[in-house]
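Participant: Here you go, one structure.
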Amino acid sequence: MAKRALGLGKRNKEKKRKVENSTSNERKDSPTPGAEQIQVELDENADPDNELVQLKGLWDNYFHSDRESEYVLNGIVHECDRLLREADKNENAKSLLNDEFHALYALALSELTIFKAAQEGEDISQYFDNALERAELGLKRTPDSDLLKLVIAKIIIQSIPLQFVSKLTVDSKATDVPVNLFEQLEKAKKNFNGQSNVELGFEVLQMFDDILDILENFGLENNVDEGLDSDDEEELEPIVLKKSHPLHRLQESIPANYVWLRETMQRLFEQVEDPKIRVDMARSLGHLFLKSAEEPSSVFLQQYDDDAAEDSNEAENVQKDAKAAQKEALSHTLAALDYLKKAQVEDEPKTWVEVAEAHIDLGNLYDYQSAEQEKAYQTAEDILKKANRASHGKFQDILDNLLAKE
């Protein structure tokens, strides 16, 4: 199974400023324990005294960090609480409570679940509920806000594995989950609008990809002996859940949801300007297309493993199915190759090797010993030799396998 890129190696080149958290002399409500300042990064043209700008700076500080601490998130929540209380007393302060304010508040609450889930006895459902309530309240006030719709999608997609799937087994019943998870995921898809914030949108799509991966492999951990390597694990047959299982409809919708994910990410890719995000998204798209090619590739290659059909009509049907599968697999693999080329990084040989491996997949799909097959294998060989020179032979095993194939 092709692996997708995890995480977003984000960089922020904006000017650094220090802005006070809610523990300044004027802000004594709900202090964040342990510190009086959080260093954040603001755009050099931004007003450092604007409280909404400060909130956004706090979120950006978290979003572009390693996300190993909930400290900044607590700072955002405390500050949002303070601004809400201030708005109750001061009519002018209400102008700050726009869709961006509600989005930042909801995002911070939803992200806190990651840390709370690791703490024994913590009920993360209240954080998800509060986050969703905050986003939906903001959407009532600004119903045209694509940003809040994206945040709602993010909260739902994040809650499905963390709040619900993590508690399920293959023997779970529909009554074990208080909501319809299939309908929840459909609601998230309906609300998704990555154009409002491309970087956040890409992250939400990666989370969606993670859900599909979880659904595909749900229950398999019970069948894997300790020490079995990941390649062997991927050969296990998926567990088909009973109709009464909370994940049954989601499992059935995996193929359609992969199509939605791929097509949605393609549209979002056209909106991306940041070079780093384009590389990350192109790599994800490359792997999504490789995944789409897996099933038809298997059908096409199976013809070489099957015994010759005794019946001429049967043989003709097998060949016809193989040709159709070959055509579909080639289409997906060529698309994958196009995106993986866009994802190449000059000083990262691993990204070159991903292109080489896609060329090998492509060669496997061409007719045996055809000119197209030889060209694909030769291109892969040239790339792998270059990558090995740059990495002191790190990818020699892949090259050896290719040479043995040839």
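Participant: For segment 293-406, evaluate the Debye formula with one uniform point scatterer on each Cα (no solvent term) and list log10 I(q)/I(0) at q = 0.20 Å⁻¹, rounded to two decimals.
Facilitator: Those come out to -1.04, one per q.
Participant: To continue, here is another question. Among TYR71, TYR368, TYR105, what is the fewest-to-most ranking by other Cβ atoms within 10 Å?
Facilitator: Details: TYR71 15, TYR368 7, TYR105 27.
Final ranking by Cβ density, sparse to dense: TYR368, TYR71, TYR105.
Participant: Now, a different point. If packing is taken as the mean number of other Cβ atoms within 10 Å per residue, what is the order of 177-189, 115-127, highest first? Intermediate values should be presented prior to the final figure.
Facilitator: Working: 177-189: 16.8, 115-127: 13.2.
Descending mean neighbour count gives 177-189, 115-127.
Participant: May I ask you to order 157-164, 269-276 by the average number of other C-beta atoms within 10 Å around their residues, highest value first? The partial results should precede the final answer.
Facilitator: Numbers: 157-164: 22.0, 269-276: 12.5.
Final packing ranking: 157-164, 269-276.
Participant: If you rank LEU365, LEU200 by fewest surrounding Cβ atoms within 10 Å, what's the result? Let's see the in-between values first.
Facilitator: Details: LEU365 24, LEU200 20.
Listing LEU365, LEU200 from fewest to most nearby Cβ atoms yields LEU200, LEU365.
Participant: Provide GLU372, GLU203, GLU79, GLU86 in ascending order of the number of other Cβ atoms located within 10 Å of each residue's Cβ, fewest first. Numbers along the way, then the final one.
Facilitator: Working: GLU372 13, GLU203 21, GLU79 25, GLU86 17.
The order, fewest Cβ neighbours first, is GLU372, GLU86, GLU203, GLU79.
We did not get these values from a lab; they are worked out from the coordinates using the rules stated. Not measured: the values here are computed from a predicted model. Positions of Cβ are generated from backbone atoms using ideal geometry, with glycine treated the same way; all protein chains shown enter the neighbour counts.
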